[in-house]
Amino acid sequence: MSETPDNTLDLLQARPESTAIAPVWHTIGLLLILTLVTLAMSMLGVHRMGQAHTRLTGYLITMVIEWLMVAFIALGARWQGASLRTLTGRNSPNLRSIALDLGLAIAYLIAANIVLGIIGFVLGRIFHATADASSIKNLLPHTRIEIAVWMLLALTAGICEELIFRGYLQRQFTAWTGNIAAGIVLQGIVFGAAHAYQGPRQIVIIAVYGCMFGTLAWWRKSLRPGMLAHFLQDGVGGLLLTRFG
């Protein structure tokens, strides 16, 4: 007897590490889109993206692109009779559960930033790159309108990038390799490569960061702590770096 879509959804949620969410061709298509976007941003360069007259436009374009990729993922998931809710995990609306995920997000950020700080220090000795850091700071908001849109961008990144990398790609890679560690590492590598425009040092740091996000999502069986942490890191962290960096 064939399974109904509802039964398929339950199966996907019950076995998140072993069931692909979409066909292989769909994942190849998403990886191609990520590659094209990364190449376009690398060709543009952080110097030009950080210029005052292009900064706000860049925020808006980035948000549109990320939501379009999530829409593409949603279409692919339908091939398996699933939805985006399948990727996010079972997130209870209970206030206690939400508070727990927020606490996990904050604890994760503290631990992650300590680890990444050490890695960044070591890589700084290897790459001897300081120009990238000043250029990246130019991408941060300077005016009130930029700050408002920046927070929307941070929220978009928290939701969309966790869905794209930890929800979708991690699941696909895990299903293909039959190994959760391989799935976590592979999506982390793609996550780092997608930020190639920030320079080689940042690629490594962000790849490790992506692996840590992937581990959190696998352990919690939910994307919500990662989404909260991602938003806090990009949104609040970005504003603090603008003010005190």
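Only the coordinates and a few stated rules stand behind these numbers; no lab work does. Since the structure is predicted, the reported quantities are computational estimates derived from the model, not experimental observations. A quick note on method: Cβ atoms are made from the backbone with ideal geometry, for glycine too, and the neighbour counts reach across all protein chains shown.
Overview of results
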{"item": "Size of electric dipole in the range 92-238: Cβ of Lys, Arg +1 and of Asp, Glu -1, about Cα centre, debye, nearest 20", "result": "240"}
{"item": "FRET efficiency, 1/(1 + (r/R0)^6) with R0 30 Å, evaluated for Ala40 and Ser92 via beta carbons", "result": "0.15"}
{"item": "Neighbour-count ranking [beta-carbon atoms within 10 angstrom, fewest first] of Met43, Met151", "result": "Met43, Met151"}
{"item": "Ascending count of other beta-carbon atoms within 10 Å, so fewest first, for Leu60, Leu100, Leu169, Leu34", "result": "Leu60, Leu100, Leu34, Leu169"}
{"item": "Order of Arg78, Arg166, Arg55, Arg243 - criterion: other Cβ atoms within 10 Å of each residue's Cβ, fewest first", "result": "Arg243, Arg78, Arg55, Arg166"}
{"item": "Förster-model FRET efficiency, 22 Å R0, Ala182 and Arg78, C-beta, rounded to 0.05", "result": "0.25"}
{"item": "Local electrostatic count, Tyr209, Cβ distance below 14 Å [Lys/Arg +1, Asp/Glu -1]", "result": "-1"}
{"item": "Cα shape, the range 192-245, gyration tensor, a/c 1.5 rule", "result": "oblate"}
